[in-house]
1. For the chain, what does the relative contact order come out to in percent, with C-alpha contacts under 8 Å and a separation of six or more?
2. For the stretch 49-124, state which trypsin sites (Lys or Arg not before Pro) are in a DSSP loop and have at most 14 other beta carbons lying within 10 Å of their beta carbon.
3. For Lys27 and Leu115, what does the FRET efficiency come to when R0 = 25 Å and r is the distance between their Cβ atoms, rounded to the nearest 0.05?
4. At 1.4 Å probe radius, can you tell me the per residue accessible area of the chain in Å²?
5. Which order do Ile52, Ile37, Ile62 take by accessible area at a 1.4 Å probe, largest first?
6. Take every DSSP beta bridge with both residues inside the chain and express the antiparallel ones as a percent of the total, to the nearest 5.
7. Specify which residue in the list Ala503, Ser131, Asn351 is farthest towards the positive end of the charge dipole of the chain, using unit charges on the beta carbon of Lys, Arg (+1) and Asp, Glu (-1), about the Cα centre.
8. So how do Ile85, Ile395, Ile28 rank on accessible area, 1.4 Å probe, biggest first, that is with the largest at the start?
Amino acid sequence: MKKRALKDCILGAIDIGTNSIHMVVVKINAQIPSFSIIAKEKDTVRLGDRNIETGNLTEEAINRSLAALKRCKHLAQSLKVDQIIAVATSATREAPNGKDFLKQIETELGIVVDLISGPEEARRIYLGVLSGMDFGGKVHGMIDIGGGSTEIILGDNQEARFLSSTKIGAVSLTRDFIHSDPISNQEYITLQCYVRGILERPVEEFKNALKLGEKPVLVGTSGTAETLALIHSSENQGVAPLKLNGYQISRQDIEKILHKLIGMNYAQRASLPAMSERRAEIIISGTLILLEAMKMLDIYCLTICERALREGVIVDWMLQNGYIEDRLAFQGEVRPRNIYKIAHKYQVDLNHADKIADFALNIFDSIKNQLHFWGDLEREYLWSATILHNSGLYISHSAHHKHSYYLIRNAELLGFSEIEIELIAQIARYHRKSKPKRKHETYANLSDSHRKMIKQLSAILRLAIALDRRQIRAIKTLECRYDHEYRQLHLHLTPRQPNDDCALELWNLDYKKPIFEQEYQVKVLTTLHK
């Protein structure tokens with residue numbers, strides 16, 4: 001059967017949660033395949049403030065939600081979305097009138113909402129996280145604390161081994177257990193005991209799914225985890241991090257923040273950096289769930305992921321509609337896929353970039369363990385910087401190496417840590433003009449090892465760029481040989497066209513090689529074979 005042609009499209013994904021309604025609008029690139037976020041919308045509607053006697057969603061909460069959904073629809077339409085997909089979770093699931101609420105949404109707004117189960121919510125959170133993080137083969141746990149439920153997940157490179165959804169959330173616990181401001185000691189003890197009791201079963205099943213000796217990385221998603229990371233960063237660094245994805249916070253620091261929060265009243269909590277008024281109401285319950293889960297799981301560090309259910313809904317749609325054929329390959333290619341996504345965004349000539357990358361990796365591999373001792377990670381940084389080194393041309397040719405640094409540094413490079421993005425941006429920045437210098441502040445602030453890596457890898461990149469100077473793939477093959485006795489690196493070039501003297505490439509190599517020669521203390525000799 002002939003495969004249908006897939007087109008780029010714009011998709012809106014809505015998550016109707018217990019605490020908030022979130023929407024993300026993305027552009028899907030069918031070729032890579034990947035998606036880029038165009039817009040986000042969030043409204044705290046407190047759908048979980050249900051009738052105490054009946055458990056029904058209240059009329060006030062329904063009206064708040066309908067108004068928020070209407071705004072989401074208008075935004076999506078203004079961005080010309082091809083389709084809106086929506087899911088509802090805990091609060092709607094558990095309310096006796098939840099299905100009536102969904103029918104009302106369809107009747108009044110024309111939005112069909114999928115009411116998903118707890119395990120299905122966990123599965124889509126899993127997909128969302130894996131679309132934005134690379135675990136390097138390590139087993140990984142995930143915790144998503146919502147308003148009415150908490151999802152705990154365990155996965156590896158092959159599958160989600162354990163998916164759970166437990167009926168404790170930041171909104172429901174606050175409503176049921178916290179009635180004083182600040183929280184009283186007795187309320188706190190009662191809440192803590194309740195949380196431990198409810199978490200006991202999913203934690204035990206999580207541990208049973210681990211193999212002997214496995215130590216999972218733990219990822220936290222959604223509002224509670226993100227807010228704690230912002231508080232932590234503000235207190236320790238004085239500013240919010242450039243990006244939350246990959247930000248790490250220790251269990252010890254989470255415990256310190258919680259002790260600080262329980263000593264504050266609502267107004268004091270609301271005055272904290274990055275704390276919204278609505279989040280200040282429920283942050284103690286959310287933080288307590290997170291802390292107790294980490295203690296019971298015997299995990300000491302949390303890594304933040306900005307992607308969760310909404311992005312998982314998008315990945316699931318892409319799987320269902322043929323945009324992703326191999327789920328495992330998609331999950332395993334987070335980093336290269338996002339490098340190509342940014343290259344596409346800034347209109348990089350990928351034929352030229354790929355050819356230079358071939359040359360750069362050839363040189364890297366040929367001199368490895370002879371002139372340098374970098375490994376696979378540094379090889380990946382070199383490849384990434386090479387693909388993106390010309391992204392600055394999107395702004396201007398003048399000083400485009402500096403523009404490349406800025407664009408890479410501020411790009412949504414999912415799967416990479418903050419320091420990895422900095423290193424890639426630095427290698428790309430020094431592909432031309434001045435070599436790295438201590439007077440360059442961002443470079444000077446790095447460690448000695450990182451500065452050495454940037455100097456050596458950017459020197460390789462300069463040679464590789466020279467080999468495709470005319471951007472016509474004039475050099476068919478490159479063979480590198482290092483003569484240890486005479487400290488000479490021989491570059492044997494074969495032109496694509498037999499009668500091409502490749503004069504411009506050879507001239508550019510002579511112009512670019514002094515920085516490489518100085519860095520590696522070698523002489524570069526070039527031979528053209530016709």
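1. Details: 928 pairs, mean separation 62.6, N = 530.
It rounds to 12 percent for the chain.
2. Values: sites: Arg50, Arg64, Lys70, Arg71, Lys73, Lys80, Arg93, Lys99, Lys103, Arg123, Arg124; in loops: Arg50, Lys80.
Hits after loop and neighbour filter: Lys80.
3. Working: r = 27 Å, r/R0 = 1.09.
Computed FRET efficiency for Lys27 and Leu115 comes out at 0.35.
4. Working: 23620 Å² over 530 residues.
That works out to 45 Å² per residue.
5. On the way: Ile52 160, Ile37 50, Ile62 20 Å².
The residues order as Ile52, Ile37, Ile62, largest area first.
6. Numbers: 41 of 66 bridges.
Given both bridge residues lie in the chain, the antiparallel proportion sits at roughly 60 percent.
7. Ala503
8. On the way: Ile85 25, Ile395 90, Ile28 0 Å².
My answer, sorted largest first, is Ile395, Ile85, Ile28.
The values are calculated or read from the model by the stated rules, or taken from the named source; none is laboratory data. On a predicted model such as this, the values are computed, not experimentally measured, just so you know. Neighbour counts run over all protein chains shown; Cβ positions are idealised from the backbone, glycine included. All accessible areas refer to the heavy atoms of the entire protein, side chains included, with ligands and DNA or RNA removed. Shrake-Rupley method; radii C 1.70, N 1.55, O 1.52, S 1.80 Å.
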